[in-house]
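Written below as structure tokens is the structure these notes are about.
The values are calculated or read from the model by the stated rules, or taken from the named source; none is laboratory data. As the structure is a prediction and not an experimental result, all values here were calculated from the model. With ideal geometry, Cβ positions are generated from the backbone for all residues, glycine too; neighbour counts draw on all protein chains shown. We work out accessible area using only protein heavy atoms, side chains counted, and drop any ligands, DNA or RNA first. Shrake-Rupley method; radii C 1.70, N 1.55, O 1.52, S 1.80 Å.
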Amino acid sequence: MEGLDLLDKYNVAVPRYTSYPTVPYWKEGIDTEEWKKCFQADFAENNRTKGLSLYIHLPFCESLCTYCGCNKKITQNHSVEDEYIEILLKEWKMYRDLVQEPPVVRELHLGGGTPTFFSPANLKRFLTELLRETEVHPEREFSFEGHPNNTTPEHLQQLFDLGFRRVSFGIQDNDPEVQRIINRAQPFERVQFVTEEARRIGYRSVNYDLIYGLPRQTLESITRTIEQTITMRPDRVAFYSYAHVPWTSRGQRLFDENDLPSAKEKLMLYQTGKRLFLENGYTDIGMDHFSLPEDDLYQISEKGKLHRNFMGYTTQQTDMLIGLGVSSISSSGSAFVQNAKTLHNYYEYVNAGRMAVEKGYFMTDEDRRFGQYILDISCRRKTRFQPVDLDTIKSISFPQLELLAADGLVVYDEKGLAVTETGKSFIRNICSAFDLYLQRNNLHNEKRTFSKAI
Ligand SMILES: C[S@@+](CC[C@H](N)C(=O)[O-])C[C@H]1O[C@@H](n2cnc3c(N)ncnc32)[C@H](O)[C@@H]1O
Ligand code: SF4
């Protein structure tokens, strides 16, 4: 079996493995005192050695893109900026008060929503305050998500002056008809303008987010989008599979489902995109990502040092990620937590002086080891098994691996596993063999929990 048939066979609902255990297995109503203790212990172990990653969720957008699956709040009222900055700083202070020494910030990412909804002056005020009495790691990597329509040269310059060297632009699709149906009018000239400005100012890496599987996308339209994209030579491209989850993202009910490509068409959109990137000098990195050979992500991946966390693939090796803001996820190394998902609850918790976390998970030693197998496969396409897990792996993972090996996607024995060239397009499926929760519950057909692999 090969090509489309294989993609079709493995196009089942599987997680993207930005955490293990995955979010559906976390517990509601997490003990905040327990979380504080985990944070303190993991901070003491990590801060001086590896430093911290910070993720800041800035949820506001001026208009709704109907496909969007992110946590966002649509408003044209910019007075929300001040109040939100104040609450973020209050949340940060709660973490700061738990530890004595200054946090060493190694990685900082502004995500959303739309970070460039905030004015350059407000971003400067917020970041200056956030980083006050912290140490910035010499190998820092500061990045942000910019919407091409409202990223201005002032945003780019202001953030550059604060140490940002990577920007990720949400492109999604350049076709006017697709843009009309997803409610995102975004002229390609605007994309060209912000990309050129970012380069002129000195940004080292420009990423584009593209999505395949959007309503009204065709092979011709995606070919044009990618050909235009390639003319700009973005250093990295995230080529995401459209996740259709109308039960949580209500905006997705605003277009006709009949406008979505069929499963087979979606697979062809993916294959077309992948072929165009590979033919034009890009290399595929892990899941969904392509990069030029000059980019750090490629260099690091060649050295086998790629890392993955909630922010996606990263070149940094921190084990501790603190997420601030509504719906943000933190991972201390021994626990995961997610903040309240509504602005109302988030404000209420932080204003009452309590941690904003609503759900989470304290990891067992077994979770950490199986999480490491999944991370190894996602980042290095190979892993070695620990003897203590062999019985579990043989009974739970081997039956899956046998099927994957029969299709030529992996080679494995009792020592470990390696992904084959063909297997590179099926990383999520391969990881799922080590997801003990998914395997034990046999949730493969639970469509409401995860989106499909492709
Ligand atoms: C939180 S958004 C931030 C980007 C910024 N707000 C913008 O629109 O330019 C991050 C990325 O998630 C991706 N995304 C959002 N909804 C998605 C969905 N339903 N399926 C797949 N990817 C999605 C988009 O590619 C988007 O650029
Ligand atoms: S894609 Fe970006 S701009 Fe559009 S609604 Fe989602 S977060 Fe906001």
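Here are the numbers for the structure shown:
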read-out	value
Cα centroid separation, region 107-181 to region 239-270 (Å)	27 Å
Estimated 222 nm signal from helices in the chain, with DSSP H stretches of n ≥ 4 weighted -39500 (n - 2.57), rounded to 500	-11000 deg cm²/dmol
Shape of region 229-343, Cα gyration tensor, a/c cut at 1.5	oblate
Gyration tensor verdict on region 158-288 (Cα atoms; rounded if a/c is under 1.5, prolate if a/b is larger than b/c, oblate otherwise)	prolate
Across K27/K72; K274/K359; K9/K72; K37/K303; K73/K93, pairs whose alpha-carbon gap is larger than 30 Å	K274/K359; K9/K72; K37/K303
Loop-located GluC sites (Glu not before Pro) in region 326-417, at most 10 other Cβ atoms within 10 Å (DSSP)	E414
Global geometry of region 1-76, whether rounded, prolate or oblate, following the gyration tensor of its Cα atoms and the 1.5 cut on a/c	oblate
In region 240-329, trypsin sites (Lys or Arg not before Pro) in a DSSP loop with at most 16 other beta-carbon atoms within 10 Å	K303, K305
Orientation-averaged projected area, Cα convex hull of the chain (nm²)	20.1 nm²
For region 284-420: span of alpha carbons on each principal axis (Å, largest first)	55, 42, 23
Cut-off 9 Å between beta-carbons: net charge of the residues surrounding Y10, Lys and Arg +1, Asp and Glu -1	0
Debye, to nearest 20: dipole size of the chain, +1 on Lys, Arg Cβ, -1 on Asp, Glu Cβ	80 debye
Residue-normalised accessible area of the chain, expressed per residue, 1.4 Å probe, Å²	42 Å²
Sparse-neighbourhood loop sites, trypsin sites (Lys or Arg not before Pro) in region 6-64 - DSSP loop, at most 11 other Cβ within 10 angstrom	R48
Mean separation of Cα contacts under 8 Å (6+ apart) over length of region 18-322, as relative contact order %	20 percent
Centroid-to-centroid separation of region 24-99 and region 411-441 [C-alpha atoms, Å]	32 Å
With every protein chain in place, the chain: carbon and sulfur % of accessible area (1.4 Å)	48 percent
